[in-house]
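Remarks on the structure that follows.
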Ligand code: FAD
Ligand code: NAD
């Protein structure tokens, strides 16, 4: 019987295991996972930390270890793969409980080792507040243990996790200061979005320091590089993640230019019978055609599904990504998809950026709010390349409509003419995507019906 070894048991690994099991029930599937739990939603951690009564820890676990085992998957938690010998088709494994070493044979292997939080290199003195990351359920448990009434938290890094956690920490009654090394928040977005988010944080009582980093943690707080001192009982380190590729690289698997594992559309690596999926792997950008690395949960699940089907003898392909993402900062949503103007230029397009403010529902509806939307369009062809948006309502819909249009290689002209659902409680007569599509087609010099 063919034996499949899967290294890593969260999104990509467990999706692959479940898919392969369904496609070929007699496969021998061994999953090795170094954490105590599998298949949980890391994406839900900030929301569970913010309100564990509404979203208890257990609700984040999509499928238990026992359920996978009942489905015939040999799943071993707290087991770390330390070395993989591809030519001998063997892996060396350490039990994290007993420290015992074992060797397991395999026919095909999937690296689903994910990503890890980058640890800030910040000197610390004894008695300083703990500096903790948020990547796993265990990290969330550690963080939760440090919440205390009237506590003070410093968030290092104003990216996706830092911003989502600002709300969680405020909900937990903590005083929150956010320190971002870049001169503005969300440097990859339009500057107006970073400014709007900074103002929104201030409205919710979060103090923000931009263009400065934390120099050291000392008893009672942290010192910034410019000498300022911030009182704190807890520091959350959220300065980004890197792909976990060391195990695969040591086994001879090729690493791509992005630093993640290079894969083809079938999620195959450069070595026969060796696959990679999820945050440890690259993907192809649908618009630029370039290899990119987006450590996102939906991509990990979709790549895991493709890898699982192919490991089980299928012929599935992963078509690529647009980098569509959305996150919440208190009651604002921020979203993006496709190429930024800079990326578009680097990919040989001649981008123009069109901006519009549009209502999320008919203006007279009490819950209608304004969406600030931007669209990146190729001037010559009118082709849609990318989009961003910010607002308290309707941002998710705008970004998903535009992402679908970009995926289908539509032009601004097509976007303006889409047949979308309209009724006052749900949308204005012209939805945000159509309003901005209309502006873009004028900018590109296209008249309706041309
Ligand atoms: P991982 O989740 O990193 O899992 C890999 C697993 O493999 C880990 O358990 C790791 O410990 C284990 N492992 C690694 N090496 C070994 C080894 N040698 N032996 C055994 N086990 C090993 N994405 C979104 O799209 N939307 C969101 O809203 C969102 N929110 C997020 C919020 C937070 C706080 C975090 C941390 C992430 C969020 N993400 C979000 C990202 C998303 O969680 C990841 O993209 C997803 O978890 C990736 O899944 P994965 O299986 O590829 O990797
Ligand atoms: P990030 O890359 O989103 O943001 C890191 C931020 O830290 C950046 O703004 C960067 O400029 C800043 N930074 C870097 N070094 C610093 C330093 N020394 N001091 C202060 N600031 C510093 O990374 P993250 O917030 O850790 O999130 C990791 C990944 O998890 C994201 O890239 C995303 O893929 C995923 N995620 C997604 C969502 C979502 O889709 N809603 C939510 C959470 C996490």
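The values are calculated or read from the model by the stated rules, or taken from the named source; none is laboratory data. Keep in mind it's a predicted model, so treat the numbers as computed, not measured. Cβ atoms come from the backbone with ideal geometry, glycine included; neighbour counts cover every protein chain shown.
Inside the range 212-222, can you point out the residues that are within 13 Å of ligand 2 (Cβ to nearest atom) and more than 27 Å from the chain's Cα centre (by Cα)?
Within the range 212-222, the first condition is being within 13 Å of ligand 2 (Cβ to nearest atom), and the residues that meet it are 212-217, 222.
Within the range 212-222, 215, 216, 217, 222 qualify.
Residues in the range 177-193 that are within 16 Å of ligand 1 (Cβ to nearest atom) and either assigned to a strand (DSSP E or B) or over 19 Å from the mean Cα position of the chain (by Cα) (or both): 178 alone.
The residue pairs whose first member lies in the range 156-169 and is modelled with pLDDT of 95 or more, whose second member is more than 10 Å from ligand 1 (Cβ to nearest atom) and in a helix (DSSP H, G or I), and whose beta carbons are closer than 7 Å, counting only pairs six or more residues apart or on different chains, are 163/197; 166/201; 167/50; 168/50. Could you tell me whether any residue of the range 110-122 is over 30 Å from residue 270 (Cβ atoms) and in contact (Cβ under 8 Å) with a residue 12 or more places away in the chain? Yes, some residue in the range 110-122 is over 30 Å from residue 270 (Cβ atoms) and in contact (Cβ under 8 Å) with a residue 12 or more places away in the chain.
Considering the range 80-120, the qualifying strands (runs of 3 or more DSSP E), each wholly inside and each with 1 or more residues that are under 21 Å from residue 295 (Cα atoms), run over 108-111, 115-117. Looking at residue 196, is it within 17 Å of residue 129 (Cα to Cα) and under 23 Å from the mean Cα position of the chain (by Cα)? The answer is no for residue 196.
Selection of the range 238-273 for residues being more than 11 Å from residue 111 (Cα to Cα), part of a strand (DSSP E or B) and either over 21 Å from the mean Cα position of the chain (by Cα) or within 12 Å of ligand 1 (Cβ to nearest atom) (or both) yields 241, 242, 243.
Conditions (1) near ligand 2 (Cβ under 8 Å from one of its atoms); (2) more than 20 Å from the chain's Cα centre (by Cα); (3) not in a loop (DSSP other than H, G, I, E, B), marked per residue:
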residue: 126; (1), (2), (3): no, yes, no
residue: 132; (1), (2), (3): no, no, yes
residue: 139; (1), (2), (3): no, no, yes
residue: 142; (1), (2), (3): no, yes, yes
residue: 161; (1), (2), (3): yes, no, yes
residue: 167; (1), (2), (3): no, no, yes
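When we screen 260, 266 for residues that are at pLDDT 95 or above, buried (at least 24 other Cβ atoms within 10 Å of the Cβ), in contact with a helix residue (DSSP H, G or I) (Cβ under 7 Å, 6 or more places away or on another chain) and within 28 Å of residue 24 (Cβ to Cβ), the only hit is 260. Contact annotation: residue pairs with Cβ atoms under 8 Å, 6 or more positions apart or on different chains, pairing a residue in the range 335-354 that is without any contact (Cβ under 8 Å) to a residue 12 or more places away in the chain with a partner that is in a strand (DSSP E or B), are 345/351. Considering only residues in the range 281-303 that are within 16 Å of ligand 2 (Cβ to nearest atom) and over 12 Å from the mean Cα position of the chain (by Cα), the one that is surrounded by the most Cβ atoms within 10 Å (Cβ to Cβ) turns out to be 281. Please find, within the range 56-79, the residue that is surrounded by the fewest Cβ atoms within 10 Å (Cβ to Cβ) out of those that are part of a helix (DSSP H, G or I) and in contact with a strand residue (DSSP E or B) (Cβ under 8 Å, 6 or more places away or on another chain). Out of the qualifying residues, it is 69. Restricting to strands (runs of 3 or more DSSP E) lying wholly in the range 334-421: which have 2 or more residues that are surrounded by fewer than 23 Cβ atoms within 10 Å (Cβ to Cβ)? Filter on the range 334-421 gives 351-359, 370-378.
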